[in-house]
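Worksheet for the structure shown next.
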Amino acid sequence: MTTHTGSCHCGKVAYQVEGEIDQVLDCNCSMCHRRGGLLWFVPRSALQVTSGEAEMGTYRFNTGKIAHHFCPDCGISPFSEGTGPDGAAMGCINVRCLEGVDLKSLTIVPWNGRDH
């Protein structure tokens, strides 16, 4: 199992996540379209916030089921949290915020979030 490290731009919000990145979603919902994230979903237990958890801002919209976290200083959203279709707690990692990930090597799957 690979451990990835990630953070916002200024480094205030940082985390580690365990797992193998098999594919990422390029979502076109109103939020993802604007922020340009590439999303990798993991069990919430695979995500460990290592700094900045108490200072994170959180934004919810539409149904409010997903907590979109962001750094109050630099504004970057490195990950979100929510519940999967089966009710399990999930982490939604913005792989653009992970160190050392070659985005060109990833399988990117378009996701029509506007209609979900």
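Every read-out reported here was derived from the displayed coordinates using simple, explicitly stated rules and does not represent laboratory data. None of these values were measured; they are calculated from a predicted model. In this analysis, Cβ positions are derived from the backbone assuming ideal geometry, glycine residues included, and neighbour counts consider all displayed protein chains.
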Are there cysteines in the chain with no second cysteine's Cβ under 4.7 Å away, and if so, which? CYS29, CYS92, CYS97
Could you work out how much longer the chain between ARG44 and LEU106 gets when fully extended? Use 0.36 nm per residue separation minus the Cα distance between them, nm to one decimal. 20.2 nm
Restricting attention to the alpha-carbon atoms of segment 46-89, what are Rg (one decimal) and Dmax (integer), both in Å? 11.3, 34
Once you keep just the Cα pairs under 8 angstrom separated by 6 or more residues, what percentage relative contact order results for segment 3-103? 31
When all C-alpha to C-alpha distances in the chain are sorted into bins of 10 Å, what percent of pairs does each bin hold, rounded to whole numbers? 14, 50, 34, 3
Coarse-grained scattering of segment 50-116 at q = 0.13 Å⁻¹, given as base-10 log I(q)/I(0) from a Debye sum over alpha-carbon atoms: -0.46
Along segment 83-89, Karplus-curve 3J(HN,Hα) (6.51, -1.76, 1.60; θ = phi - 60°) to the nearest Hz, with x for Gly and Pro, reads 10, x, x, 8, x, 6, 5
Trypsin sites (Lys or Arg not before Pro) restricted to segment 4-67 and DSSP loop, no more than 13 other C-beta within 10 Å: ARG60, LYS65
